1. Any idea which of 112, 206, 137 is touching a strand residue (DSSP E or B) at 6+ places or on another chain (Cβ under 6 Å) and of a type in the set (Ser, Thr, Tyr)?
2. Limited to the stretch 114-143, what total is found for residues that are closer than 20 Å to residue 161 by Cβ, without any contact (Cβ under 8 Å) to a residue 40 or more places away in the chain and either small (Gly, Ala, Ser) or not in a strand (DSSP E or B) (or both)?
3. So is residue 224 within 24 Å of residue 98 (Cα to Cα), outside any strand (DSSP E or B) and without any contact (Cβ under 8 Å) to a residue 24 or more places away in the chain or not?
4. Kindly list the number of the only condition in (1) buried (at least 21 other Cβ atoms within 10 Å of the Cβ); (2) small (Gly, Ala, Ser); (3) in contact with a helix residue (DSSP H, G or I) (Cβ under 9 Å, 6 or more places away or on another chain); (4) at pLDDT 95 or above that fails for residue 139.
5. Taking the stretch 57-75 on its own, how many of its residues are buried (at least 16 other Cβ atoms within 10 Å of the Cβ) and assigned to a loop (DSSP other than H, G, I, E, B)?
6. Out of the stretch 71-113, which residues are free of Cβ contacts under 8 Å to residues at least 12 places away in the same chain and among the small types (Gly, Ala, Ser)?
7. Does the stretch 144-167 contain at least one residue that is hydroxyl-bearing (Ser, Thr, Tyr) and not in a strand (DSSP E or B)?
Amino acid sequence: MSNRMRTFAGAIALGAALALAGQAGAAASHNHAAGQDHAAHDHAGHDHGTDEQIYKGYFEDDQIKDRTLADWQGEWQSVYPLLRDGTLDQVMEKKAEKGDKSAAEYRAYYETGYRTVVDAITIDGDTVTFSRAGHDTRGRYAGDGREVLTYEKGNRGVRFVFKKVSGDAAAPDFIQFSDHRIAPASSDHLHLYWGDDRTALLSELTNWPTYYPAAMSGEEIAREMAAH
């Protein structure tokens, strides 16, 4: 994958080239965290039973349904600054109590996973706005299918894909949503993957910028993450 898909090449400004940090789900043969820690982390507001199994990545093909941008409407904030400023330290400590890494090791893992310079995402109808340091880049997007990914441990994930139909040249040609859901439902958080090559996006294995509602405080987000 090109560097252009992994990170921004330069500052975002109207008329400036936006090279959005490309990322995507794991390839079927790769032991990506999305099939392990990542698949089970940071989800809230879900039911038990069948829904819990879906969140963990165990579902049948006939359970998958098409989704629209209506599921992700609103204003979203990146959790990366919260990791950097220590707000999520309690989350890392909680993970260390249950997992196989130290709090510092979990923090390093999420440092790579959450990394992004896109501070905020706004989705209004079919328009997606990417914000960095007060500079906005936007595009209009239409549904472009979905990708079902199988991970090494046997669980799966679904990426819902949208293609740019108009907007700023610097806006990415493709965006993929993942929120551990596989059918229409409002989202409580999301992982957003973006870039200009639909196929190449699926080979990005380590970076999955994560967003929570902009109205939530950092402490609210941390508490919600720690509770799961």
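1. Working: 112 fails: touching a strand residue (DSSP E or B) at 6+ places or on another chain (Cβ under 6 Å); 206 fails: touching a strand residue (DSSP E or B) at 6+ places or on another chain (Cβ under 6 Å).
Of the residues listed, the single one that is touching a strand residue (DSSP E or B) at 6+ places or on another chain (Cβ under 6 Å) and of a type in the set (Ser, Thr, Tyr) is 137.
2. Kept after step one, since they are closer than 20 Å to residue 161 by Cβ, are these residues of the stretch 114-143: 116, 118, 121-130, 137-143.
Pick out the ones that are also without any contact (Cβ under 8 Å) to a residue 40 or more places away in the chain and you get 129, 138-140, 142.
Among the residues that remain, those that are also either small (Gly, Ala, Ser) or not in a strand (DSSP E or B) (or both) are: 139, 142.
Here the count works out to 2.
3. Details: within 24 Å of residue 98 (Cα to Cα): yes; outside any strand (DSSP E or B): yes; without any contact (Cβ under 8 Å) to a residue 24 or more places away in the chain: no.
Answer is no for this residue.
4. (3)
5. Filtering the stretch 57-75 down to residues buried (at least 16 other Cβ atoms within 10 Å of the Cβ) leaves 57, 59, 64, 67, 69, 71-72.
Pick out the ones that are also assigned to a loop (DSSP other than H, G, I, E, B) and you get 57, 59, 64, 67.
Adding up the residues that qualify gives 4.
6. 86, 96, 102, 108 - these are the residues of the stretch 71-113 that are free of Cβ contacts under 8 Å to residues at least 12 places away in the same chain and among the small types (Gly, Ala, Ser).
7. Yes - at least one qualifying residue is present in the stretch 144-167.
Per-residue answers, yes or no, for (1) modelled with pLDDT of 90 or more; (2) farther than 18 Å from residue 148 by Cβ; (3) assigned to a helix (DSSP H, G or I); (4) touching a Leu at 6+ places or on another chain (Cβ under 6 Å):
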{"site": "9", "(1), (2), (3), (4)": "no, yes, no, no"}
{"site": "25", "(1), (2), (3), (4)": "no, no, no, yes"}
{"site": "38", "(1), (2), (3), (4)": "no, no, yes, no"}
{"site": "77", "(1), (2), (3), (4)": "yes, yes, no, no"}
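The values are calculated or read from the model by the stated rules, or taken from the named source; none is laboratory data. Predicted, not measured: the structure shown is a model, and the values here were computed from it. Positions of Cβ are generated from backbone atoms using ideal geometry, with glycine treated the same way; all protein chains shown enter the neighbour counts.
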